[in-house]
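Read the figures in this text as sums done on the coordinates, not as results from a lab. The structure presented is a predicted model; accordingly, all values stated were derived computationally and were not measured. Every residue, glycine as well, gets a Cβ built from its backbone with ideal geometry; the counts of neighbours run over all protein chains shown.
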Amino acid sequence: MAFYRADAALDRAAAALRDGIERDFSVPSDDWAFTWIVHDRPLSDGAGRVDAETFWASAARGATHRGDVPFYPASVAKLFWLIALEAWLEQGRLAETPAIVRARQDMIEWSSNEASNYLIDLITGTNSGPELPDPAFSAWTRARYLAQLYLRSWQWPELGTLNLCQKFYDDCRYGREHEFVGADGFNHNRLSTDAAARALVAIVGGVAVTPARATAMAALCRRPLEAAARAADPGNQVDGFLGEGLPDGSKLWSKAGLTLWTHHEPSAWRRHDAAYVELPGGGAFTLAVFTQGRACAENVKLLPEIGRRAAAHVAAGR
């Protein structure tokens, strides 16, 4: 892994985390994955602003359980569409408009699928609709991979299994979208926890696209942990996810993903989170966790407990 170094002590802690969660929650080892990175110092400047100079000066230790295994990523994939959008704006391929500003915020802050799909159309120059005959469908398909080709140009080994070409739906796909994903879903989005963790580190570290654009992206990923703010937002991406298990006074940047049963995809049970955390005592870590299966997806205590145990270990090491 290019973005962190191996560490025997963290390997032991990760093994203990894995074994404890699998025992206490009856999680099969093949039904989840995580990538855990412990930073030697916080990536933000203490006021919630990211700092690229701190990123380049920092070291990080990492450990993983099945971190290179691709999962259906649900809404965690929206982090990558956010990066692609900022790259397109930086390169002048798109011009920022009020509609883009609103969609970008809604895609990340409350995970709107409609906003995400609007931005995918703009980034790729495609849109949904009835089935297309060839060669029109082949051209449409190639365009849908534009963001993926851009990300692959970064030459991150963690992106080797990335598939980022599908829109986000609360229900089923129809027309060319159904044709594109394939009857058995073989062309669904795919992402590993290694890739999710590295993308989040690049954003919060201030190095994704440009420092200014990374800072703006990180601001969208910031999650308030105060009880009143969470109560006012039922879709807060904290409750039921890693952030719920953090100690008071923590700072959180994250993107969660949740997919439950749908009529045409009854196996689509997922509960994921990718989080960068700064603890009140000064510790900092990034943790990406993907799960699959109904038991994991419906268990609102699972990810908070993973977050609590990871935070406790990092805090104890300060």
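Given in Å, the Rg to one decimal and the Dmax to the nearest whole number for the Cα atoms of the chain are 18.8, 60.
A simple spin-label model places the labels of A295 and S26 0.5 nm from each other, with each point 7 Å out along Cα-to-Cβ. Using R0 = 35 Å, the C-beta based FRET efficiency linking W110 and D19 works out to 0.50. When each of S75, S112 is scored by the number of other beta-carbon atoms lying within 10 Å, the sequence from fewest to most is S112, S75. If only the Cβ of Lys and Arg carry +1 and only the Cβ of Asp and Glu carry -1, the dipole of region 5-316 around its Cα centre is close to 380 debye. Fully extending the segment from R222 to V207, taken as 0.36 nm per residue of separation minus the present Cα-Cα distance, adds 3.7 nm. In order along region 230-235, the Karplus-derived 3J(HN,Hα) couplings, from 6.51 cos²θ - 1.76 cosθ + 1.60 at θ = phi - 60°, round to 5, 5, 6, 10, x, x Hz, and Gly and Pro are given as x. The Cα atoms of region 194-271 give a gyration tensor whose axes a ≥ b ≥ c have a/c of 1.5 or more with a/b no greater than b/c, which makes the shape oblate. If one takes the longest principal axis of the Cα atoms in the chain, at what angle in degrees, from 0 to 90 and to the nearest 10, does the Cα axis of helix 98-109 lie? With both axes taken from Cα atoms, the answer is about 50 degrees. Among the GluC sites (Glu not before Pro) within region 184-282, those in coil by DSSP and having at most 11 neighbouring Cβ atoms inside 10 Å are E226.
Mean residue ellipticity, 222 nm, helices only, the chain: the sum of -39500 (n - 2.57) across DSSP H runs of n ≥ 4, divided by residue count and rounded to 500, is -12000 deg cm²/dmol.
Amide H contacts of R223 (H built 1.01 Å from N, in plane; Pro and chain starts excluded): L252, W253, S254 sit under 5 Å, all sequence-distant by 5 or more or on other chains. Between the helical axis of 211-221 and the longest alpha-carbon principal axis of the chain there is an angle of about 80 degrees. Residues whose amide H lies under 5 Å from that of S112, counting only those 5 or more places away or on a different chain, are M107; hydrogens are built 1.01 Å from N in the peptide plane.
In this Cβ point-charge picture (+1 for Lys and Arg, -1 for Asp and Glu), region 118-227 has a dipole of about 440 debye about its Cα centre.
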